[in-house]
1. From the set of residues in the range 80-101 that are part of a helix (DSSP H, G or I) and among the small types (Gly, Ala, Ser), which is surrounded by the most Cβ atoms within 10 Å (Cβ to Cβ)?
2. From the residues in the range 159-212 that are within 16 Å of ligand 2 (Cβ to nearest atom) and part of a loop (DSSP other than H, G, I, E, B), which one is surrounded by the fewest Cβ atoms within 10 Å (Cβ to Cβ)?
3. Can you name every residue in the range 23-33 that is within 17 Å of Asp61 (Cβ to Cβ) and part of a helix (DSSP H, G or I)?
4. Of the residues that sit in the range 82-107 and are without any contact (Cβ under 8 Å) to a residue 40 or more places away in the chain and under 14 Å from Val204 (Cβ atoms), which one is nearest to ligand 1 (Cβ to nearest atom)?
5. For the range 176-224, give me the residue count where each residue is polar (S, T, N, Q) and within 16 Å of ligand 1 (Cβ to nearest atom).
6. Provide a single number: the residues in the range 109-158 that are away from ligand 2 (no atom under 13 Å from the Cβ) and not hydrophobic (A, V, I, L, M, F, W, C).
7. Can you find, within the range 281-310, the residue that is farthest from Ile109 (Cα to Cα) among those that are modelled with pLDDT of 95 or more, away from ligand 2 (no atom under 16 Å from the Cβ) and under 20 Å from the mean Cα position of the chain (by Cα)?
8. Between a first residue in the range 109-123 that is over 10 Å from Lys274 (Cα atoms) and a second residue that is near ligand 1 (Cβ under 7 Å from one of its atoms) and small (Gly, Ala, Ser), which pairs have beta carbons less than 7 Å apart while being 6 or more apart in sequence or on different chains?
Amino acid sequence: MVEEDVVKVTSRYLRRSEDQIEEIYETLGIETLNDLAASQPSEIAEAFGISEKTAKNIVRDARKEASKGIAEPKTLAELMEEEAERDVIPTGIDSFDEQMGGGLPTKTIVGIYGPPGAGKSQFAMQVAARVLKEGESVLYIDTENAFSPQRLLEIGGFDEDDVKKKIGDRFVLRQIVEAAALTQYFDEEEGEFVSEALELSPKVVVIDSISQPFRPYGARDKLPERSRMVARILNSLLKYCTRNNALGLVTTHVQANPDAFGKRWQDVAPTVLKHIATYRFSIEFKGRTERVIALEDAPDKPPFEVKVKLTDRGLVG
Ligand SMILES: Nc1ncnc2c1ncn2[C@@H]1O[C@H](COP(=O)(O)OP(=O)(O)O)[C@@H](O)[C@H]1O
Ligand SMILES: [Mg+2]
């Protein structure tokens, strides 16, 4: 169903019936203002047979309208109150937690970038184990069929008795490998994420990884669709996290950039993650078991690097 607001911002610029506008957006897979805001003006221009300039205006208006919905005016006093409610979730990597003022702040999405084997999943499991130890719950969405329960127990130092008596019901795994299924799962109206999260009330929601399901969307002409789907997933996750004082931890692959003079790494990940994540970290190889974790982007902290080691108990540093 195409939202009314989508039709509204469009009909300001062209003379078409509402039905016609709806129909065209349906063929583009654009349903919400967020979808329209994340779409390419060229795509809109082509579908409606309008100039790119007009299409740009439509997308710009959609962005304005879309942000209205989430950004209610707040006074500085209210903002400070919200800040005070935030928790930090320690990772157990001492040097890292120290630099982060105790750990990863809630009400945010944290992006973990790295090449395969760097330790992104280890990092996610380590955060999950800490949260379980604190008596809270974790929802872990594994898109790579790579999750190992034994490894989680090992990192957390849990035994079978802990599973039976303490943590067994507080960790829920969801294996979803396809992009469409993942997007559907996070759908704010019909997705199972919303009801599942309400029931479990997870302090941390992990998506490991966001890039893998979208591998078939790597072609240029599929990128707008990919951005829209990922934006929907992450916006739904962020909404849950801000409302419930929780942390969204999202991993993503990067691959070595063949152009050695440019950026060292090339994102396989949708750029949408970059925009929605509050904190962005990279994990890189520095040896067989040595790694460097770096804070790449944060609204309130300078960049830093910490050296860590991958051990049987997870990342230590
Ligand atoms: N029990 C363990 N003890 C030490 N290192 C481990 C253990 N299990 C896995 N690793 C290391 O973790 C790395 C894989 O990390 P992982 O988090 O799966 O990478 P990715 O970034 O692809 O998610 C491998 O280098 C592997 O050697
Ligand atoms: Mg992994």
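The values are calculated or read from the model by the stated rules, or taken from the named source; none is laboratory data. Owing to the predicted nature of the structure, the values given are computational and were not obtained by experimental measurement. FYI the Cβ positions are ideal-geometry reconstructions off the backbone, even for glycines, and counts take in every protein chain you see.
1. Looking only at the range 80-101, we keep the residues that are part of a helix (DSSP H, G or I), and these are 80-85, 94-99.
From the residues that got through so far, the ones that are among the small types (Gly, Ala, Ser) too are 84, 95.
Working: Ala84: 7, Ser95: 15.
In this case the residue turns out to be Ser95.
2. If we take residues in the range 159-212 being within 16 Å of ligand 2 (Cβ to nearest atom) and part of a loop (DSSP other than H, G, I, E, B), then Val177 is surrounded by the fewest Cβ atoms within 10 Å (Cβ to Cβ).
3. So the first thing to find is which residues in the range 23-33 are within 17 Å of Asp61 (Cβ to Cβ), and the list is 24-25, 28, 30-33.
Ile24, Tyr25, Leu28, Leu33, listed by residue number.
4. Filtering the range 82-107 for residues that are without any contact (Cβ under 8 Å) to a residue 40 or more places away in the chain and under 14 Å from Val204 (Cβ atoms), the one nearest to ligand 1 (Cβ to nearest atom) comes out as Gly103.
5. Within the range 176-224, the first condition is being polar (S, T, N, Q), and the residues that meet it are 183-184, 195, 201, 209, 211-212.
Subsequent filtering for residues that are within 16 Å of ligand 1 (Cβ to nearest atom) retains 209, 211-212.
Result for the range 176-224: 3.
6. 12
7. The residue in question is Ala294.
8. As it stands, the answer is Lys120/Gly114; Ser121/Ala146, since those pairs meet every condition given.
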